[in-house]
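Following: one structure in structure tokens, then a few remarks.
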Amino acid sequence: MTNVTETPVTTESDSVVRTISHWIDGAERVSTSGRTAPVFNPATGALQANVALADQAEIDEAIASAQRGYELWSSYSIAKRQTVLFAFRELLNSRKGELAKIVTAEHGKVGSDAMGEILRGQEVVELATGFPHLIKGAYSENVSTGIDVYSLKQPLGVVGIISPFNFPVMVPMWFFPIAIAAGNAVILKPSEKDPTAALWMARLWKEAGLPDGVFTVLQGDKLAVDGLLDSPTVQSISFVGSTPIAQYIYETASKNGKRVQALGGAKNHMLVLPDADLDLVADQAVNAGFGAAGERCMAISVVLAVEPVADELIAKISERIAKLRIGNGVGIDGVEPDMGPLITEVHREKVSSYVDIAEADGAKIVVDGRGYTVDGHEDGFFFGPTLIDDIPTTSRAYTEEIFGPVLSIVRIETFNEGLDLINSGEFGNGTAIFTNDGGAARRFQKEVQVGMIGINVPIPVPVAYHSFGGWKKSLFGDAKAYGVHGFDFFTREKAVTSRWLDPATHGGINLGFPQND
């Protein structure tokens, strides 16, 4: 059984609230900064822990430990590194249920959704176990007389990962399995809102045989983020979060000479053509709009309904919303709800404010999730599924990312109108088209200005051996997450030009520029 912290986990009724610490140099490191942030149970609204917020001394300690870990780990043979990766994969697979419970307790998402994010993250772990093939160099023999050229792929060094609250397991796993497989040392700064999963994974890495310092968890806020961005030891930054922060991460880290992959926000559209199966569309719109309480960057937040389908589609979606069960993600008597709470009270009020904006701008609130409560959990951060019709495309509720269970309908007349609306937005993360017309789907995938596209698939998150990332203001930097992009990002190439002289001959002196012959 893998424990989460050295100290016992307390219940919400206990008088002593536990403090979630760092993981530095292969062990839990109790913070001495004197700064903490609250960690709530989103389903009850109760304080369940405090998380340490690192000071500069702890940031420096974490980076120094990671540098020592990198120097050792990068000297390990490929065979030894692969053994550790496989051990981690097996431990994760056997204990993933523990991790899912941690995610539900701190994030609030239902158990099946928590398990789903672990399994999608595990895909990247499995990809990383095959890393020897993906970090091979190339060799060209006798490019010039007696001269060979070959390339080597080597790790960067210490790399930083800054992850969001909505996927405390999957998003870090987009990056750290590949980074570690390639020989780097990782410093993970998880969200302050749900930080415990990171510590659990750190313990699992240690049990798998990873040397101390190779996987570090640095709890913190902006001070920790800036500490990673400014450190000359940290060679790269991987980030997922809102677009303003992604842009800040990209600009600051790039200015400091680091590699950056910064994935930002989204406003994902589903284009529905009149020939689509509307029962399929309604099912998938509900799944993609309200799954994980809408707190995911690949959620569908706008349905572009090509008339005359809007009225029928709204009726079908409304019917399905009425059957959704909202409640504590842990469930009751083995029965879990369909949707849990939002992450914090502050975020719930922000989501509610967007519905206010839509209403003030003339939209029709078909299903209103504002003020939603759950019996026995009246203090929880719940927000009901919300359906909005006739939202103006000038409204902030249309143009900005809401990050909650709010689905908007825009009525349009043609395919071209829908394509133009999608392409005119500032984001380009994910999109989907629902149709039985292969020609329309083919044109859509070619002309839409979005990085990830679904054809009758509402949430087109690529499998691990492809790469994840959007276009426009949804991605800053040149590298997407995982897949081939991931291995390229976490390695750098050396080109070696080599000549071994035949002892029977000698080239003599020639001061001219070397020429191929």
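The values are calculated or read from the model by the stated rules, or taken from the named source; none is laboratory data. Since this is a predicted model, take the numbers as computed values, not measurements. Here the Cβ positions follow ideal geometry from the backbone for every residue, glycine too, while neighbour counts run over all protein chains shown. Note: areas computed on protein heavy atoms with side chains; ligands, DNA, RNA excluded. Shrake-Rupley method; radii C 1.70, N 1.55, O 1.52, S 1.80 Å.
Among the chymotrypsin sites (Phe, Trp or Tyr not before Pro) in segment 434-508, those placed in a DSSP loop whose Cβ has at most 11 other Cβ atoms within 10 Å are TRP500.
Taking the alpha-carbon distance from LYS193 and a cut-off under 29 Å, which lysines remain once sequence neighbours fewer than 8 residues away in the same chain are dropped? Output for LYS193: LYS96, LYS101, LYS109, LYS206, LYS222, LYS255, LYS258, LYS267, LYS350, LYS472, LYS473, LYS480. Kirkwood hydrodynamic radius computed over segment 220-259 comes to 10.1 Å, based on all pairs of distinct alpha carbons.
May I ask you to work out the translational diffusion coefficient for the chain at 37 °C, viscosity 0.692 mPa s, via Stokes-Einstein with Rh from the Kirkwood sum over Cα pairs, reported in whole µm²/s? Intermediate results must be reported in sequence, preceding the final value.
Values: Rh = 24.4 Å.
D = 134 µm²/s.
How many percent of all Cα-Cα pairs in segment 164-209 sit more than 18 Å apart? Let's see the in-between values first.
Working: 249 of 1035 pairs.
Beyond 18 Å sits 24 percent of the P(r) for segment 164-209.
Once you have the Kirkwood Rh of segment 56-105 from its Cα pairs, apply Stokes-Einstein at 4 °C and 1.567 mPa s and quote D in µm²/s. Write out the running numbers ahead of the final one.
Numbers: Rh = 13.5 Å.
So the translational diffusion coefficient is about 96 µm²/s.
The shape of segment 189-310 can be summarised by an equivalent ellipsoid whose semi-axes, obtained from the alpha carbon gyration tensor, come to 39, 20, 11 Å from longest to shortest. Ranked by the mean number of other Cβ atoms within 10 Å of their residues, highest first, the peptides 201-213, 400-412 come out as 400-412, 201-213. Among beta bridges from DSSP that stay inside segment 173-326, the antiparallel ones total about 0%. Of the DSSP H helices in the chain, those that are both long (alpha-carbon extent of 24 Å or more along the helix axis) and hydrophobic (Kyte-Doolittle mean at least 0.0) are 111-129. For the chain, the share of DSSP beta bridges that are antiparallel, to the nearest 5, is 40%. Helical content of the chain, expressed as a calculated mean residue ellipticity at 222 nm, amounts to -11500 deg cm²/dmol (DSSP H runs of 4 or more residues, -39,500 (n - 2.57) each, divided by residue number, nearest 500). Normalised per residue, the accessible area of the chain is 42 Å², obtained with a 1.4 Å probe and no contribution from ligands, DNA or RNA. With coordinates expressed along the principal axes, the C-alpha atoms belonging to segment 96-138 extend over 47, 14, 14 Å, beginning with the largest. When Rg and Dmax are taken over the Cα atoms of segment 251-356, they come to 17.9, 54 Å.
If you take the Cα Rg of segment 435-501 and divide it by 2.2 N^0.38 Å, with N the number of residues, what do you get? Could you put the intermediate results ahead of the total?
Values: Rg = 18.0 Å, N = 67, 2.2 N^0.38 = 10.9 Å.
Cα-based Rg divided by the globular estimate yields 1.65.
Taking only the C-alpha atoms, wrap a convex hull around segment 372-488 and report its volume per residue in Å³ as a whole number. Working shown, then result.
Working: hull volume 19.9 nm³, N = 117.
So the per-residue Cα hull volume is 170 Å³.
Once the Cα-Cα distance is subtracted from the 0.36 nm per residue extended length, the ALA315 to GLU349 segment shows a gain of 9.5 nm. For segment 38-166, taking the reciprocal of the average inverse distance between every pair of different Cα atoms yields a Kirkwood hydrodynamic radius of 18.7 Å. Under 5 Å from the amide H of ALA49 lie the amide H atoms of VAL39, each residue being 5 or more positions distant or on a separate chain, with H modelled from the backbone and absent for Pro and chain starts.
Seen from PHE444, the other residues with C-beta closer than 14 Å to its C-beta sum to a net charge of -2, counting Lys and Arg as +1 and Asp and Glu as -1.
Candidates GLY327, TRP73, ALA310 compared by Cα position along the dipole of the chain: farthest toward the positive end lies TRP73, with charges placed on Cβ.
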